[in-house]
Structure formats: structure tokens, C-alpha cells
Amino acid sequence: MTLKLYVDRRSHPCREVIIFCKLNGIDFEEVHIDLSKRQHLTPEFKEVNPMKQIPAIMDGKFKLSESHAIVKYLACAFPGIADHWYPADLYKRAKVESVLDWHRTNFPRGPGAYIRD
Ligand SMILES: N[C@@H](CCC(=O)N[C@@H](CS)C(=O)NCC(=O)O)C(=O)O
């Protein structure tokens, strides 16, 4: 059963999921959802992610969207993923969550905010 990634490599959250899989040797089938052709709005893709955004995955019958939720799921669902990605230790895991939340808030703002401030 192959993991399916619904992605467009022009999208940074999509690249996050692809890079995580490649770094960790997770096999996947890449399903290209071309944003410029509005393929994320098709009825077929809406079955995968009713929110009509990429990235999204299907692992067997399990469907999931949101890049951070996806990489955390993959870190737990696939064997042999190094602990440092999503540590079992509560305090270390909390630090990872903190960085992910920072990233969610600040990355979409782009570098302009840091150059200005
Ligand atoms: N918080 C989401 C963001 C997903 C997102 O904004 N995806 C964009 C591509 S970068 C998208 O699907 N845009 C199409 C739309 O919103 O109509 C994540 O991290 O996965």
C-alpha cells in the first residue's frame, strides 16, 4: 500500500512533506495537483481534502491535510524514523511543537518583516 502525496512542488508546505519523506526513506506516489490549473478545486480532489488545499495525503484509507499534521503523522506512522524529528520525550516534543507553531505564524509573512524590523 503506497502512501500518496497530493502536491504541487511550487508550494512550500508541499515541499515540506516531500522533503520529509525523501530524507526519511518513506516511499510515496506523488500525485501532482496543479494549482495553476485549479486542480485542487476538482470534485475528485475534494474527496481527498474537502478543504481543497494541498498538501494532502492518503495512507490506505486514511486521509490527512495540513503539512505539519502530515509530517507528525508520518514521523509516528512509519517505522525507523529518527526520534529527533518528533521526540517521544515530552519536553523535547514541546520544543518541536513550538518551532512548528512559530513557523506557521511567521513563514507566510516572508522575509520582508525581518528586513523591516
Ligand atoms: N496550512 C496549510 C496551508 C496549505 C496551503 O495554503 N496550500 C496552498 C498551496 S501553498 C493551497 O492549497 N492553495 C489553494 C487554495 O487555497 O485555494 C498547510 O500547511 O498545509
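The values are calculated or read from the model by the stated rules, or taken from the named source; none is laboratory data. Small disclaimer: the values here were computed from a predicted structure and weren't measured. Because the Cβ atoms are built from the backbone with ideal geometry, glycine has one as well, and the counts that use them run over all protein chains shown. Protein only, heavy atoms only, side chains kept; ligands, DNA and RNA dropped before computing areas. Shrake-Rupley method; radii C 1.70, N 1.55, O 1.52, S 1.80 Å.
VAL17 meets the conditions (1) assigned to a helix (DSSP H, G or I); (2) open to solvent by 90 Å² or more (accessible area, probe 1.4 Å) in every case but one. The failed one is (2). Checking the stated criteria, MET1 turns out to be touching a residue at least 12 places away in the same chain (Cβ under 8 Å) and assigned to a loop (DSSP other than H, G, I, E, B).
Restricting attention to the range 20-33, the residues being open to solvent by 90 Å² or more (accessible area, probe 1.4 Å) and part of a strand (DSSP E or B) number 1.
Would you point out the residue of the range 70-79, among those that are more than 8 Å from the ligand (Cβ to nearest atom) and in a helix (DSSP H, G or I), that is least open to solvent (accessible area, probe 1.4 Å)? For the range 70-79, the residue satisfying everything is LEU74. Taking the range 34-69 as the range and being open to solvent by less than 40 Å² (accessible area, probe 1.4 Å), within 8 Å of the ligand (Cβ to nearest atom) and part of a loop (DSSP other than H, G, I, E, B) as the test, the residues that pass are ILE54, PRO55. ARG116 passes every criterion in (1) closer than 19 Å to ILE18 by Cα; (2) at pLDDT below 95; (3) not small (Gly, Ala, Ser) apart from (1). Scan the range 93-108 and give yes if some residue there is open to solvent by 90 Å² or more (accessible area, probe 1.4 Å), of a type in the set (Asp, Glu), out of contact with any Lys or Arg (no Cβ under 7 Å at 6 or more places or on another chain) and without any contact (Cβ under 8 Å) to a residue 24 or more places away in the chain, otherwise no. Within the range 93-108 (the criterion being open to solvent by 90 Å² or more (accessible area, probe 1.4 Å), of a type in the set (Asp, Glu), out of contact with any Lys or Arg (no Cβ under 7 Å at 6 or more places or on another chain) and without any contact (Cβ under 8 Å) to a residue 24 or more places away in the chain), the answer is yes, since at least one residue qualifies.
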